[in-house]
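Everything on this sheet refers to the single structure shown next.
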Amino acid sequence: MLGLLLGVMDNPLNVKVVPVLTCSVCCFLTIFAIIALPLSFKSLEQGKYALPLSWSTQKIGDEVYTEPGMYMVGLGNMLVAYPSTFQSMYFTSGAAGISEDPEDPPEFPVIRRGPLRARSSDGLEMLVSLSFQWQIKPEAMKPLYDILGGGVIEESLYRDEFVRFARAAIVESCATFTADYFFTNRYNIVNKMFAKMTEAFDRPDIGMKIDITGLQLREVDLPDQFDVEIVKTQEQKQEVMVALAERKEQTIVEEKQLMIAEYKLQQVKQEALAVAARTILLNEAEVSNLLYHQQRQADANAAILSKFWESADPWARLFEMMELHALNVHNDSRVLISL
């Protein structure tokens with residue numbers, strides 16, 4: 001190239017247009033390629049998803065980049081990035097308890113707003129402080145860009161819309177419960193808020209899919225006068241619960257004593273029944289024995305009487321036989337005779 005220019009300077013008549021133009025075009029294309037090729041690659045950092053944006057048409061491509069690395073997007077084109085990790089949103093008055101992950105990209109800082117102003121179902125105004133975590137699903141990125149846009153914090157309109165969605169869900173949830181319910185059943189309130197939040201960020205009809213996890217109800221600030229009355233009410237409820245517990249304890253003691261008394265009564269009853277049954281058995285045995293002996297005696301007397309009944313004087317004959325029997329069995333050493 002330098003020799004060609006020197007030849008032209010020595011003799012302008014020797015200039016050849018076509019070789020010069022060809023060489024100039026080649027040099028231009030080479031320089032352009034050296035400059036344009038690096039500019040056609042875009043890097044995707046860890047913790048990000050991205051959509052390709054065409055510079056010429058200003059339209060988003062269909063492909064979603066989910067893995068970090070270098071991507072060939074073309075000269076002038078760019079990547080519209082979204083956070084791939086769980087992001088936090090806080091509605092609180094102070095910075096206490098707000099932590100930022102140092103590994104998170106600086107383009108996606110923690111969303112922090114003031115406490116939410118809401119009303120209970122009985123019309124009492126309150127300030128609600130809470131926090132929750134959210135994550136964009138890859139399949140929802142293109143519909144999200146079509147609706148709310150995306151990109152760095154200066155261009156990410158969707159972050160402000162997410163705040164609006166969350167505020168509406170919390171306000172609607174608070175309107176479901178009475179003011180005193182926030183002191184006695186916070187678990188149910190958190191579940192209701194989480195359900196409303198999930199419903200607000202899960203919109204299949206418009207292609208929006210945002211996962212909500214870990215909702216924390218930090219503080220519910222009610223008017224001071226109501227707080228005083230609530231404390232008194234809780235104290236009275238506590239006294240009632242103590243009284244009920246004492247009554248239950250006394251009831252258990254009395255029931256135990258009643259059971260012991262009933263057991264003793266059954267024991268005495270069983271012992272009395274046993275004694276009565278034993279007495280009945282002894283009486284029956286004695287009566288049976290007496291009847292048996294009397295029957296034997298009557299049978300013997302009848303047998304004896306039957307032998308003497310045909311005599312002219314049966315009684316005299318009976319007494320005579322008794323006298324003979326007594327003499328036969330009499331012991332001579334004795335004076336008296338046994339009849």
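Side notes on the structure shown:
- Note on the range 187-223: residues that are of a type in the set (A, V, I, L, M, F, W, C), modelled with pLDDT under 85 and closer than 15 Å to Leu116 by Cα total 1.
- Per-region count, the range 285-339, residues among the hydrophobic types (A, V, I, L, M, F, W, C), modelled with pLDDT under 70 and out of contact with any Leu (no Cβ under 9 Å at 6 or more places or on another chain): 5
- Residue in the range 73-91 that is modelled with the lowest pLDDT, counting only those that are among the β-branched types (Val, Ile, Thr) and crowded, with 20+ Cβ neighbours inside 10 Å: Val73
- Where Asp180 falls short, out of the listed (1) over 24 Å from Lys48 (Cβ atoms); (2) charged (D, E, K, R); (3) free of Cβ contacts under 8 Å to residues at least 40 places away in the same chain: (3)
- Residue within the range 270-284 that is more than 60 Å from the chain's Cα centre (by Cα) and at pLDDT below 75 present: no
- Every test in (1) crowded, with 18+ Cβ neighbours inside 10 Å; (2) of a type in the set (Val, Ile, Thr); (3) at pLDDT below 85 is passed by Val128 save one, and that test is (3).
- Listed conditions (1) more than 17 Å from Ile111 (Cβ to Cβ); (2) at pLDDT 90 or above; (3) among the hydrophobic types (A, V, I, L, M, F, W, C) are all met by Ala166, apart from (1).
- Matching option when the condition is surrounded by 13 or more Cβ atoms within 10 Å (Cβ to Cβ) and either touching a residue at least 24 places away in the same chain (Cβ under 8 Å) or over 24 Å from Asp122 (Cα atoms) (or both), among Thr251, Thr213, Thr198: Thr198
- Test: residue in the range 267-276 that is out of contact with any Phe, Trp or Tyr (no Cβ under 9 Å at 6 or more places or on another chain), part of a helix (DSSP H, G or I) and either within 28 Å of Met89 (Cβ to Cβ) or assigned by TED's automatic domain parsing to the domain that holds Glu161 (or both): no
- Odd one out for Thr184 among (1) modelled with pLDDT of 90 or more; (2) more than 24 Å from Tyr82 (Cα to Cα); (3) of a type outside the set (A, V, I, L, M, F, W, C): (1)
- Here Met208 meets each of (1) over 35 Å from the mean Cα position of the chain (by Cα); (2) in contact (Cβ under 8 Å) with a residue 12 or more places away in the chain with one exception, condition (1).
- Every pair of residues 6+ apart whose Cβ atoms lie under 6 Å, when the first sits in the range 313-327 and is closer than 16 Å to Asn301 by Cα while the second is at pLDDT below 75 and in a helix (DSSP H, G or I): Pro314/Phe308; Arg317/Phe308; Leu318/Phe308
- Residue in the range 36-56 that is at pLDDT 65 or above and at positive phi present: yes
For every residue, the table says whether it meets (1) closer than 30 Å to Lys142 by Cα; (2) touching a helix residue (DSSP H, G or I) at 6+ places or on another chain (Cβ under 7 Å); (3) in a strand (DSSP E or B); (4) aromatic (Phe, Trp, Tyr).
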{"position": "Ile206", "(1), (2), (3), (4)": "yes, yes, no, no"}
{"position": "Ile212", "(1), (2), (3), (4)": "yes, yes, yes, no"}
{"position": "Val220", "(1), (2), (3), (4)": "no, yes, yes, no"}
{"position": "Phe226", "(1), (2), (3), (4)": "no, no, no, yes"}
{"position": "Gln238", "(1), (2), (3), (4)": "no, no, no, no"}
{"position": "Val253", "(1), (2), (3), (4)": "no, no, no, no"}
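The values are calculated or read from the model by the stated rules, or taken from the named source; none is laboratory data. These figures come from a predicted structure and were not determined experimentally. Every residue, glycine as well, gets a Cβ built from its backbone with ideal geometry; the counts of neighbours run over all protein chains shown.
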